[in-house]
Amino acid sequence: MTTKEREEKLSFYIHIPFCRKKCWYCNFYSVPLKEELRSSYLAALCQEIDYYSRSQLTSGTEIETIYLGGGTPSLLSSKEVNQILNKCSSAFHIASEAEVTLEANPESLSRQKLIAYQKSGFNRLSLGVQSFNDHELQLLGRLHTTEQAIQCYRSAREVGFTNVNIDLMGGIPHQTKKSLLKSLHTLAQLSPDHISFYLLELKDPAQPALAEHLPDEKAMERLYWTAADFLSDLGYQHYEISNFARPGKSARHNLRYWQDEPYLGFGASAHSYTINRRFWNVSDVEEYIKLIEQQNKATADKEEVTPHRRIEDALILGLRYLPGIELSKFYERYGVNILDRYHQELKSLGEMALIETTDDFLRLTRKGILLSNEVFQQFISP
Ligand code: SF4
């Protein structure tokens, strides 16, 4: 596929930065919902989408995937999400088979809302469950119970969602292998199409008392492989460091990130990538609304992606995809023979058993998966 053809396909990420309350461990940009900002934020989002529909960047493009993330998009009513999706489809050409995902938290969903969301055009639901243990949910400060999460999942299935992801978390304070396995057994009974399993990472712990009870590095590693092996044994493909899917149910939106495909982000803090440029919006709802009203754009900063940088990024993102990078395709697309260019780095990573090359694929080894950041460092030029 040529660069031109790739640029004709785009993905949209739309950020809804509101939550009922801010979780202490959360690294995403989100704020407690302010009712008075709700309608002006949605109007600003629509204005920004409109603006980009007139831009050279999107001329002749078809939208492959739309992802409404947050924050908690399911705090929005079906009328409000309709407003956003209608704006996308009136301003852009949405592919008939587009994947359209809504992120949702169990406490903000109801059967009626699920029916309405589905009618609006969402064909994939991503549920922020995190744990099926009430004690762990309380420690995380989540607003739902295990029972609510299960009910919510069942309702989603009953109303016809055939593509459902469940987010689960490892490394919760006081979490043990036994408590994680309890969550995994409940998950197995529900049998979602896709699972994202993330290890809790604290950048700035707002609750140091709980942070002290995080499992140590060795325990984190055990928790990770407990989940990964359990899910693989159930028949899920472990296709990305933190993601598992039933055959044919990989997240198409995220696959596009890992495959170096362009996307536009709308809303406060949203990031965009257009092959030779990255840019991102201000991480402040009120500032975002003000800037959009004044100038249609709310860019905080941007950086050029040089051809050299693009190759590094493609290599790092490509290695996150566990089946690996197809070396001949990489050469075809970027004109670079990875084995030649990174001969020295690959030799030392190979000696440490962090990376392997088989047939035409370069991939992380089992040992390399949890040390992926150290592996990626090797490919970043100073
Ligand atoms: S609900 Fe999700 S996005 Fe909102 S604060 Fe909690 S973890 Fe962050």
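The values are calculated or read from the model by the stated rules, or taken from the named source; none is laboratory data. Keep in mind that what you see is a predicted model, and the values were worked out from it rather than measured. Here the Cβ positions follow ideal geometry from the backbone for every residue, glycine too, while neighbour counts run over all protein chains shown.
Among residues of region 161-195 being under 21 Å from His238 (Cβ atoms) and among the polar types (S, T, N, Q), the one that is nearest to the ligand (Cβ to nearest atom) is Asn165.
Looking at region 205-220, can you tell me whether even one residue there is under 30 Å from Lys9 (Cα atoms) and assigned by TED's automatic domain parsing to the domain that holds Gly160?
No, region 205-220 contains no residue that is under 30 Å from Lys9 (Cα atoms) and assigned by TED's automatic domain parsing to the domain that holds Gly160.
Could you tell me whether any residue of region 160-167 is without any contact (Cβ under 8 Å) to a residue 40 or more places away in the chain and of a type outside the set (Val, Ile, Thr)? The answer is no; no qualifying residue exists.
Just one of the numbered conditions (1) more than 16 Å from the ligand (Cβ to nearest atom); (2) under 20 Å from His194 (Cα atoms) is not true of Leu68: (1). Summed over region 170-229, the residues that are over 20 Å from Leu127 (Cβ atoms) and of a type outside the set (A, V, I, L, M, F, W, C) give a count of 22.
When the criteria are applied in full, Ser372 fails the requirement of being touching a residue at least 12 places away in the same chain (Cβ under 8 Å) and loosely packed, with under 15 Cβ neighbours inside 10 Å.
State all residues of region 270-283 that are assigned to a loop (DSSP other than H, G, I, E, B) and over 14 Å from the mean Cα position of the chain (by Cα); if no residue qualifies, say none.
Of region 270-283, the ones assigned to a loop (DSSP other than H, G, I, E, B) are 270, 274-276, 282-283.
Thr274, Ile275, Asn276, Val282, Ser283 - these are the residues of region 270-283 that are assigned to a loop (DSSP other than H, G, I, E, B) and over 14 Å from the mean Cα position of the chain (by Cα).
When Tyr25, Tyr67, Tyr41, Tyr29 are checked against the criterion of being aromatic (Phe, Trp, Tyr), surrounded by 13 or more Cβ atoms within 10 Å (Cβ to Cβ) and part of a helix (DSSP H, G or I), Tyr41 stands alone in meeting it.
From the list Phe266, Phe197, the lone residue that is closer than 23 Å to Thr162 by Cβ, in contact with a Leu (Cβ under 9 Å, 6 or more places away or on another chain) and crowded, with 20+ Cβ neighbours inside 10 Å is Phe197.
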